[in-house]
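Each remark here refers to the structure printed beneath this line.
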Amino acid sequence: MTEKQNPPAEGHAFQDEVTELEAKSATAARLFDIRRIIGALFAVYGLIVGAAGIFATDADLEKAQDININLWTGLGMLALGLFFLVWVKLRPTVPPTPPLPQEALDAAEGEGGPAGRG
């Protein structure tokens, strides 16, 4: 084979690599969505504080004027955490689409694209 026949194969391999990196980038964007992190933290802390409220002693309740503040705060935190996690499920992050390479635009124009309609 001559060297002129090899560049398309190399270009194709490069395009596959770019596609793979774009997929990894999209996965990373979804994984590190701030809503997922905030939701998980609030849910975990809500469970911990809520458990402290469930197992509160009479002395703890007297300090808070007979209001189980740990229980109510834990439930609020848990509700907020679940809200964020449901939000992530209903509205997942969509990474922006990368612009087309100039070569692809030139090929589209040559095949009857905007410049070929004259």
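The values are calculated or read from the model by the stated rules, or taken from the named source; none is laboratory data. All figures in this text were calculated on a predicted structure; none of them were measured in a lab. No Cβ is skipped: glycine too gets one built from the backbone with ideal geometry, and neighbour counts run over all protein chains shown. Quick note on the areas: whole protein, heavy atoms, side chains included, nothing else; ligands and nucleic acids left out. Shrake-Rupley method; radii C 1.70, N 1.55, O 1.52, S 1.80 Å.
Report whether or not Leu47 is part of a helix (DSSP H, G or I), aliphatic (A, V, I, L, M) and modelled with pLDDT of 90 or more. Against the criterion (part of a helix (DSSP H, G or I), aliphatic (A, V, I, L, M) and modelled with pLDDT of 90 or more), Leu47 qualifies. Residues considered: Arg35, Arg30. Of these, the only one that is assigned to a helix (DSSP H, G or I), at pLDDT 90 or above, touching a Lys or Arg at 6+ places or on another chain (Cβ under 9 Å) and open to solvent by less than 100 Å² (accessible area, probe 1.4 Å) is Arg35.
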